Every structure is written in structure tokens, then in C-alpha cells.
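The values are calculated or read from the model by the stated rules, or taken from the named source; none is laboratory data. Because the structure is predicted, anything quoted here is derived from the model rather than measured. Cβ coordinates were reconstructed from backbone atoms using ideal geometry, including for glycine residues, and neighbour counts include every protein chain displayed.
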Amino acid sequence: MYLGFPEKGLEIGGSGIFALFRISLNIISQRIGIKGSFPVTDGRDMEKRDVVLACMEAARNESYQPVQIQKLIFLFERKTLKRKVFNFVPFDFGPFDPEVYKILEELSLEGIVEIIGQPFTKDRFYKLKPEGQEIAKSAFNKLEPNNREYLLILSDWVRQMPFAQLVGAIYSEFPEMQKNSVFRG
């Protein structure tokens, strides 16, 4: 299956997806000047709402399915923040924190995020509204430049991954998140 990442024309499949993704991110990290394997920010200024808003900004006017936004926030937190902002626990399809959805609902009520589709369906999407772009950009800009670049890459990656491969890649990298899974893909 062609994902368009990390290199054009590269075929990626099976359990090696996340390993290849890590290698690619390390190469990209070196190109954009990140020291070490992954960018790290102390997260002191990043509260839950800020993390969600920064991730919404990283979509670049595209939308996220519920599994995509959950996994993006989980990966971003685990790979870049020195402290945990959310309380992700192993759930039906890997890392899950209901607070992510609560914040998205609040942002929707404030006119910042558009929620498309019914809850608990595959046709549910979250998208930043034009009215929310300034506040989301402000949260995004709290990150160091290298962390912003990393989040953009990570956002593109989770949105390109089919459900089964995304969940499988998370389980490959974080096997403890498979504990309560109903997914056997």
C-alpha cells in the first residue's frame, strides 16, 4: 500500500510500518535540526486544550477521524512532552482518553471546531473552523519550531494511515496499550 510517506513510491506494510516511520522521523529530525531521536519540549505551557488546538492546527485545514486525533495526541505527548498532559489508558482500540473528546466538544460549542457526523460512527470528523484558526495557531506557536515541524509530519502520517495499520503501528511501538483491546487486526 502506498502511503506517500516517508518517501514517494515507498511501499509500506505489515508490522514494520512504525519502525520505518521512526527511522524516517529520525532522518527528518536531523534535517530540521532536532537533537536526538525525537523533539522534546517541556510542556509547561501546554495544557490539554493547547495540545488539542495545536494538533487541530497541524491538520492544515483537513479533518481528523476520532481514532486519528486520539492517536495523534497520544504520540505527540509521548514523543515530545516531558510530562504527561493527558491520561491515556489502554482501551478497545489502543490509547484512549475521553478528555480529548470532551475538549473537542467544548471547542465545538465555542465555535472553534466543527464536529461532523454522529458519535461512535466511522463518518465522524473533527475540523478546525475558520473562526478558530487564530486561537489554534497561537497554541501551535507555543511549540518550538522543530516541534511544530514534527507535529505537522506526525499529523500527516496519522491521517494517511488506514485504521488497522494506525492501531497496529501504535501496538507495535507501545504494546502496553494493547492490554484491553478488542482489535485483532
Q) Does Gln30 fit the bill of being in a helix (DSSP H, G or I) and either at pLDDT 95 or above or on the phi > 0 side of the Ramachandran plot (or both)? A) no
Q. For region 86-112, what are the residues that are within 16 Å of the chain's Cα centre (by Cα) and among the β-branched types (Val, Ile, Thr)?
A. Val89, Val100, Ile103
Q: Please go through region 113-132 and pick out each residue that is within 18 Å of the chain's Cα centre (by Cα) and not hydrophobic (A, V, I, L, M, F, W, C).
A: Glu114, Lys122, Arg124, Tyr126, Lys127
Q. How many of the residues making up region 119-145 are in contact with a strand residue (DSSP E or B) (Cβ under 9 Å, 6 or more places away or on another chain) and in contact (Cβ under 8 Å) with a residue 60 or more places away in the chain?
A. 9
Q.
Would you confirm, using the coordinates I've provided, whether Lys79 is part of a loop (DSSP other than H, G, I, E, B), at pLDDT 85 or above, surrounded by fewer than 20 Cβ atoms within 10 Å (Cβ to Cβ) and on the phi < 0 side of the Ramachandran plot?
A. no
Q: State the number of residues belonging to region 57-76 that are crowded, with 23+ Cβ neighbours inside 10 Å and more than 19 Å from Phe174 (Cα to Cα).
A: 3
Q) What about Glu106, is it over 25 Å from Val182 (Cα atoms) and acidic (Asp, Glu)? A) yes
Q: Go through (1) modelled with pLDDT of 95 or more; (2) assigned to a loop (DSSP other than H, G, I, E, B); (3) over 17 Å from Leu151 (Cβ atoms); (4) not small (Gly, Ala, Ser) and name the single condition Arg60 misses.
A: (3)
Q: Examine region 39-51 for a residue that is surrounded by 14 or more Cβ atoms within 10 Å (Cβ to Cβ), at pLDDT 95 or above and either more than 22 Å from Ala139 (Cα to Cα) or not basic (Lys, Arg) (or both), and state whether such a residue exists.
A: yes
Q) Tell me, which helices (runs of 4 or more DSSP H) wholly within region 83-185 include 2 or more residues that are surrounded by fewer than 20 Cβ atoms within 10 Å (Cβ to Cβ) and modelled with pLDDT of 95 or more? A) 98-109, 133-140, 145-160
